[in-house]
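This report concerns only the one structure given below.
The values are calculated or read from the model by the stated rules, or taken from the named source; none is laboratory data. Since we're looking at a predicted model, the values are computed, not measured. Glycine gets a Cβ as well: all are built from the backbone with ideal geometry, and neighbour counts include every protein chain shown. With ligands, DNA and RNA removed, areas are computed over all heavy atoms of the protein, side chains included. Shrake-Rupley method; radii C 1.70, N 1.55, O 1.52, S 1.80 Å.
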Amino acid sequence: MPVFRLTRSLVFPPVCFAEPDGLLAVGGDLSLERLLLAYREGIFPWYSKGYPVLWWSPDPRLVLFPDQLKISKSLGRVLRKGCFRVTFDRSFVDVMEKCAQVPRKFGEGTWIVPEMVQAYQRLHLVGYAHSVEILYEGKLVGGLYGVSMGRVFFGESMFTEMTDASKVALVYLVALLRRMGFVMIDCQVTTSHLQRLGALEISRHEFMARLREGIKGNVPVGLWSSEDIGPADVFSR
């Protein structure tokens, strides 16, 4: 199948035309409007420095349904100890920059290039992109960030500098999303780490059907806060 080259027009080809590896289109920009359109249509950008913007829609798609999060006994003990402080939307750019430093499994460099940081910071400032920060003794040691639309959260990346810090970030994210009535977390591509936490693969066709329903939800945009959840939310199944 051909890979589509985007123009200035705010339009994407149907995701059914994606390559077997998920690559759908090349080019375009990272404007606020284009990014929001991409997420609505099940597409996300992922590219490296020196390359044009690449747009993806993989099949299968890894997702986590909030009520299917798996908390191991060891992670449960970490949560109960309460040694980490958890915040939301306090250090969005810092979390992105920490994620950019995570070593890649294949190759060098990062896909979180400066243009991506700037683009997602714009999404954050208008209330669509969010971060979870994990602090230990005042230092940022773990976290994640992603995009929220309707009742779907699109996870972008996570990092950890202490054992279980990124897992704690995910647990608190899921707790907040449950409380707000979210129906799905898009994990994009498959990793064994996320599968152990309850994520599973679904077909692109099923993902798109769930996405269309999920983004109909009317969830106000704006900053999120850890004050909106309590211990009962974190430990509920």
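Give, in whole angstrom and from largest to smallest, the semi-axes √(5λ) of the equivalent ellipsoid of the stretch 1-54, with λ running over the eigenvalues of the Cα gyration tensor.
16, 14, 10
Relative contact order of the chain, please, whole-number percent, based on alpha carbon pairs below 8 angstrom and at least 6 residues apart. Contact order relative to length: 23 percent.
Rounded, prolate or oblate: which fits the stretch 10-169 when a ≥ b ≥ c are the square roots of the eigenvalues of the alpha-carbon gyration tensor, with rounded for a/c under 1.5 and prolate only if a/b beats b/c? Prolate, because a/c is 1.5 or more and a/b exceeds b/c. Normalised per residue, the accessible area of the chain is 50 Å², obtained with a 1.4 Å probe and no contribution from ligands, DNA or RNA.
GNM remark for the chain: springs join alpha carbons under 10 Å apart, and the peak mean-square fluctuation among GLN195, GLN101, GLN121 falls on GLN101.
Stretch LEU223-GLU97 to full length: gain in nm at 0.36 nm per residue minus the Cα-Cα span? Intermediate values should be presented prior to the final figure.
On the way: separation 126, 0.36 × 126 = 45.36 nm, distance 1.94 nm.
Answer, rounded to one decimal: 43.4 nm.
Compute the relative contact order of the stretch 122-237 as a whole-number percentage, counting only Cα pairs closer than 8 Å that sit 6 or more residues apart in sequence.
28 percent
Here LYS139 is the anchor, and the lysines within straight C-alpha reach of less than 25 Å, apart from those fewer than 8 places off in the same chain, are LYS81, LYS98, LYS167.
Choose one answer from PHE17, PHE92, PHE84: the residue with the largest mean-square fluctuation in a GNM of the chain with alpha-carbon springs under 10 Å. Result: PHE17 has the largest fluctuation of those listed. For a paramagnetic label modelled on SER72 (point 7 Å from Cα along Cα→Cβ), amide N atoms under 12 Å away belong, within the stretch 187-203, to 193-198. Once divided by 2.2 N^0.38 Å, the Cα radius of gyration of the stretch 123-200 becomes 1.08.
Can you list, bin by bin at 5 Å, the percent of alpha carbon pairs in the stretch 9-98, starting at 0? The calculated distribution, bin by bin, is 2, 10, 14, 15, 16, 13, 11, 10, 6, 2, 0.
Taking the accessible area of the stretch 44-142, probe 1.4 Å, and keeping the other protein chains in place, the carbon and sulfur fraction comes to 51%.
How high is the FRET efficiency between SER203 and THR163 when r is their beta carbon distance and R₀ equals 30 Å, given to the nearest 0.05?
Approximately 0.30, to the nearest 0.05.
For CYS83 and ARG178, a Förster radius of 22 Å and the Cβ-Cβ distance give a FRET efficiency of 0.45, rounded to the nearest 0.05.
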